[in-house]
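First up is the structure itself, then whatever we jot down about it.
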Amino acid sequence: MASLNLLLSVCFCYVILLFLVAFVADRLAARGRSTWLRSPLIYTLSLSIYCTAWTFYGAVGYAARSGLEFVTIYLGPTLVMIGWWWGLRKLVRIGRSHRVTSIADLLSSRYGKSNTLAIGVTILAVIGVTPYISLQLQSITLSFSIFADADPGSDDRVGATVIWVAAGLAVFAILFGTRNLDANERHHGVVMAIAIEAVVKLVALLAVGVFVVWQVSGGIEATMARIDASEIGRWQVDGGRWASITFLAAAAFVCLPRMFQVMVVENDDERHLRTAAWAFPLYLLLMSLFVVPIAAIGLELMPAGSNPDLFVLTIPLSQGREGLAMLSFLGGFSSATSMVIVAAMALSTMVSNQIVMPIWLSSQTQQASQSGDVRKIVLLSRRISIGAIMVLGVAYYEMSGGGAALASIGLISFAGIAQILPALVGGLFWRGATRLGAIAGLSVGFGIWMFSLLLPGLGSGLIPQHVMEQGLFGIAALRPHALFSITGMDPIEHCVLWSLTLNTLAFFIVSVASFPNPVERLQGAQFVNVFEHSAGPRGWTGSVAQSEDLMVMTQRILGTQDARDLFQREAALQGEYGQLPEPTPEFLERLERQLAGSVGAATAHAMIGQIVGGSSVSVQDLLAVADESAQMLEYSSQLEAQSEELSRTARKLREANEKLTQISLQKDTFLSQVSHELRTPMTSIRAFSEILRDASDLDEADKRKYATIIHDEALRLTRLLNDLLDLSVLESGQVSLNMRPGNVKDVLDHSIVSALAGADGSLDVIRDEASERIPLYSDLDRLAQVFINLITNALKYCDAGQPQLRITARTAGDNVVVDMVDNGSGIPTEAQAMVFEKFARVSAEKAGGAGLGLAICREIMQRLGGDVVYLAGQSGAGFRVTLPTKGEIKG
Amino acid sequence: MSRRVLLIEDEPNIIEAIRFLLTRDGWNVNTHSDGTDAVKVVQEAKPDLVILDMMLPGRSGMDILRDLREIVELAGLPVLMLTARGQSRDRDMAEKAGVSRFMTKPFSNTEVLTAVRDLVAQASRS
C-alpha cells in the first residue's frame, strides 16, 4: 500500500511542476515568445476546467447512482460548443472590444454601467461558486482519506489537508493570477498550468478506464455484459430531469465565472473558438468514455456501501495498482486545483472590481487628486479577495460536513449560476433589455433558487421543518420543493423550471415596461451589434482605465498627436512619469474645456461625464448635444465652403502675382544685360571712330590699330545680335528643326574641325572614335552647334598648361550620352548652378562671348528632346549632353 | 605738374580710347580694372578725378562710389561715372550716392573731355 507520505511528496512535486510551468509560461509571454502559448489547442485544454473533480470523481458516482444521466453534464456544453459557437463568438468579441474583466463586468457594462447589477451578480456568483470550491476541496480530502485509510495512523493529517490545499491554491492564484493588473493581459502561466492539468486528468481517467475494461473486466464484451447486468442498465430515463440538467449544464458552461474567465477574458484569438467547437466536445467525449464501465465494475467489485464517487481511486487500489491509483489521484487533484485556481481568480476580479474598488474610490473622493497608487490597491484587493474566497470555500466545507454527494453540490451550484443566463442572452441579442429587467429577473431567479434549492440543500436547520412541509407563512403554495403546489417533481428540475421561468418572465416584462436610460441604449446597441462596430468605442469599464479611456476619446476628437501632447503636458504638470495623467478634477476641467472647443460644451461634458463620473447621460444632455452638433455642422460646412473658395482665389492671385513679378524682374534684368552687351562695343566703336576722324596727327600704325578695334567690336556686335536672335527664336518655339539620320562620330568630327579652325589657343581633343559610331536621328546642325559651343568654351576657358578635352560617347537606353571634360580647374561649385543662365559669365576676364552660348545650348538640347548639364566632380570643367537616338521634335 | 585721372574700367578697348583722349589733352592717366580693391587704389593714388565704370568685376561702381563718399580725406574728389546699362534708376541712385557727373555709354569724346576739365576746375576752385 502506498503510504500517505509518498502520496504527499508526489503531490508536492506535482504542484512544484505546475508552479514551474506557470512561471516559465509567464516568462515566455513576457518576452513575447508566446505564439505557441496562444494556440487553439491550449485554449481548448483550458476550457476543460469545466471538468472539475465533480466530473473526474463525481461522474462515476453519478453513473453508479443515476445511470446514464451523468451524460447530461457533458451534453450541455457539447450542444453549446457545436450549436451555439456563433453566440460564444459574439460573447468573446464583446468581451474583447469592451475590455470586460468578468461576467459581472459584462452585465454591468451592458446595462448602463449599473453598479447594483454588478454587485448583485458578484454576490450571486460568490454564493453560487463557493459550494463548488468546497466541493473540490472535499474531493481532494476524500481522495486523501482513501490513501490514509490504507495507511493507519495518519488520520490526523487528513483533517489538515483541506487547509493546506486551500492555502497552496490561494498562493498559486495570487502569484500567477494577480501579477498583472489589466485583465486583458492574459494570465499565460495559469492557462498553461491548467492546460497541463487538463492533459493529466484526461490521461488518468483514460488509464483507469483502460485498466478496468481490459485488466479487471477482461475486454469490451465482458464489460458490456457486466454493464447490462448491473443496475445502471435498468435506470429509467427521466425526460424532464434530463432536459433540465442538460440545460443547466449548458447555461453553467456559459455563465460560470471561471468559464467566462478562460473562454472570454483569457481568449487570445476569436478563431480559437472554431477549433474548440469540435475539439472540446471531443475532449468531453473522451472524459466520459469509461465512466459507465468504471461505475458498473465498481458497483460489482467493491464492497457494498463504498462511496461510488471514489471508484476511480478505489478500484486500482483494490487491485493493488498503487501507481495507477496515484496517477488517478493526480488526475482528480488536477481537476480540483485547476478549477479552484481559475474560479478564485475570476471571483476575486469580480469582488475587487465591482465591490471593493467602488467602495474604496467613493471613500477616497476627497483625496482623489493625490491617489497615485490605485493599481497597487486593486492588486491588493484582488489578492485579499482570493484569500477570502478560499476561506469561504473551507468554511462551507466545514459547515456542510463534506457529506453530500459531489454531483448534487455541483448541480446546486449550476442552478444558481444559470440565473444569469436570461440577462446575459437577452443583453447580447435584445436591444430592448433594460437594467431594471435584468435586476428583476436575477432577483426573482436567485430568490427562488435560494429558497427552493440552496437553503434546503444545505442541510437541516437552515429552513425550519414547518416551512418545508407547510410552506412559507403556512402557505402551501410556498413550499420550497413544491412551489405553487406542484408536487412530485425532482428538486433540481423543480427549481430550474420555476426559477428560470420566473426569472425570464420578470426580466422580459420589466424590460418591456421600463425605459432604458441613454447609456443603456448606447451600450445595448453596441453589444447587440458588436460585429458591426467592434472597432468602435470601447467600454469604459473599470476605474483604473479611466485616463486611458479619456486619452482614446480625446485622440478621436483632437487627433493623435495633439491628444498625446496634451496628456503628456498634463502628466508633467502633475509630476507623473509617463503619458497618462491622473484624472484629477483640475485636469478633467481643462480637458473638458479643450474638448468643448472641438465638439461643443454639452458634448464635452457628456463625454467626460460618461467616462469619469459614471453618471448617466440624460435625455436633455443628448438633446443639447444633438442641437449643438447640428448647428455646428451647418455652420462649419458653410464656413468651410467659403473659406476654401477664398483661400483658393487668394492662392491663385498670389501665384499670378509672383509670376508677374518674376517675369518683370527677368525682363528688366535681361534688358539691362542686353543694353550693356550692346553699348560696350558701341562705345569702343564710337570713341575710336571719333579719334580717327578728329586726330589728324595719327601715324599709320595707330590708324590701323584703331580701325582693327572698330572692326573687331563690330564683329562682336554682330555675334551678339545673332545669338540674341537665335535665342529668341529657340525660346519662342518658332524654330524649325531639320531632323535627319546621322552618326555621333560625324557630328563630332565636323564640330571639332569648326571649333578649332582659326582658334588662337591650342586644345588636344582625346576621343575614342570607335565608340562614337552611334546612329541617331536628330537635327545634326543644331547638335553640332552645341558641340562647337562646348569645345570653344574649353578652348577659351581651360586654364591648363596643355589644355585637353576628353570626349566620350555611349548609349544609355534610348539615349546618346556625350561627355566633354577638360583638364582645367573647372567651374567653382557656387557658379555651376548658373552657367546656363543668360549673360552668366563665370570668370572675371572677358573672353569675347556675350554669355549666351550655354543658354542657347540648353535651349537647343531641350528642343531636341535631351538636355545638357554640368558634370560636377570631374577633373576639370565637364558637360554632359544627352539626347534621344530617335528624336522627336519637342514643343 | 599735370593733373592726374584714375580710370577704373574693365573693357580694354574703352580703356585704350579714354587713355588716348586724356593723354593727348595733357592728363596723367592711371588705370585700374578690378572693383574689389578699387577704393584702396583711389586712396593711395589720390587722383584729381576718378572715372568709374558701373559694371566692374568684383564690385559694382555704385558700391565703390558710396565708399569713396564716406572717406573724409577724399571729400570733393570729382567722380565721373560711366554706365552701359542705360537705366534711369541707375542715374538716380548714383546721384543720391553723390556722383559728380553720370554719363551713359556710348559717349562722345568731346563730352568726356569737357566733363573732365570742368569737374577738375570746379574742384580746384572750391
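The values are calculated or read from the model by the stated rules, or taken from the named source; none is laboratory data. These numbers were taken from a predicted model, which means no experiment stands behind them. Cβ sites come from the backbone with ideal geometry, for glycine too, and all protein chains shown count toward neighbours. Only protein heavy atoms, including side chains, enter the accessible area calculation; ligands, DNA and RNA are left aside. Shrake-Rupley method; radii C 1.70, N 1.55, O 1.52, S 1.80 Å.
Association of chains A and B removes close to 2100 square angstrom of accessible area from solvent, both sides included, for a probe radius of 1.4 Å.
Evaluating 6.51 cos²θ - 1.76 cosθ + 1.60 at θ = phi - 60° for every residue in segment A:16-30, the Karplus couplings come out as 4, 4, 4, 4, 4, 4, 4, 5, 5, 4, 4, 4, 4, 4, 5 Hz, glycine and proline recorded as x. One way to sum up the overall shape of segment A:246-354 is the equivalent ellipsoid from its Cα gyration tensor, whose semi-axes run 33, 17, 14 Å, largest first. The phi-based Karplus calculation (6.51 cos²θ - 1.76 cosθ + 1.60; θ = phi - 60°) puts the 3J(HN,Hα) values of segment A:784-790 at 4, 4, 5, 4, 4, 4, 5 Hz, whole numbers, x for Gly and Pro.
Taking each DSSP H run with n ≥ 4 as -39500 (n - 2.57) and averaging over every residue of chain B yields -14000 deg cm²/dmol at 222 nm. Could you work out the percent of alpha carbon pairs in segment B:1-47 separated by over 13 Å, rounded to a whole number? Taking all Cα-Cα pairs of segment B:1-47, the fraction more than 13 Å apart is 54 percent.
Backbone amide hydrogens, once placed in the peptide plane, bring residue A:886 within less than 5 Å of A:777, excluding anything fewer than 5 places away on its chain.
Let me make sure I get this right: for segment A:738-884, a, b and c are the square roots of the gyration tensor eigenvalues over alpha carbons, sorted descending. Under 1.5 in a/c it's rounded, otherwise prolate if a/b > b/c, else oblate. Which is it? It comes out prolate by the Cα gyration axes. Amide H contacts for residue B:31 (H built 1.01 Å from N in the peptide plane; partners 5 or more residues away or on another chain; cut-off under 5 Å): B:7. The phi torsions of segment A:660-671, fed into the Karplus equation with coefficients 6.51, -1.76 and 1.60 and a -60° offset, translate into couplings of 4, 4, 5, 4, 4, 5, 4, 5, 4, 4, 4, 4 Hz, rounded to whole numbers, with Gly and Pro shown as x. With one equal scatterer per alpha carbon and no solvent term, the Debye-computed log10 I(q)/I(0) for chain B at 0.10, 0.11, 0.16, 0.19 1/Å reads -0.26, -0.32, -0.71, -1.05. Mean partner shielding of peptide B:21-29, defined as the number of other chain Cβ atoms within 10 Å of each residue Cβ, is 1. For the segment A:670-683, counting C-beta atoms of other chains within 10 Å of every residue's C-beta and taking the mean gives 5.
Under the convention that each Lys and Arg Cβ holds +1 and each Asp and Glu Cβ holds -1, the size of the dipole of segment A:628-722 around its Cα centre is about 400 debye. Using bins of 10 Å that start at zero, the share of Cα-Cα pairs per bin across segment A:628-722 amounts to 13, 21, 15, 12, 10, 9, 8, 6, 4, 2, 0, in whole %. Taking Lys and Arg as +1 and Asp and Glu as -1, the other residues whose beta-carbon sits under 14 Å from that of residue A:212 total +1.
Summing +1 for each Lys or Arg and -1 for each Asp or Glu among the other residues whose beta-carbon sits under 11 angstrom from that of residue A:423 gives +2.
Shielding by partners for peptide B:98-107, expressed as the average number of C-beta atoms from other protein chains within 10 Å of each residue's C-beta, is 3. Restriction of the trypsin sites (Lys or Arg not before Pro) in segment A:23-108 to DSSP coil positions whose beta-carbon has at most 12 other beta-carbons within 10 angstrom yields A:31, A:33. Looking at segment A:628-722, the accessible area is 71 square angstrom per residue; that uses a 1.4 Å probe and ignores ligands, DNA and RNA. When each of the peptides A:818-829, A:431-442 is scored by the mean number of other C-beta atoms lying within 10 Å of its residues, the order from highest to lowest reads A:431-442, A:818-829.
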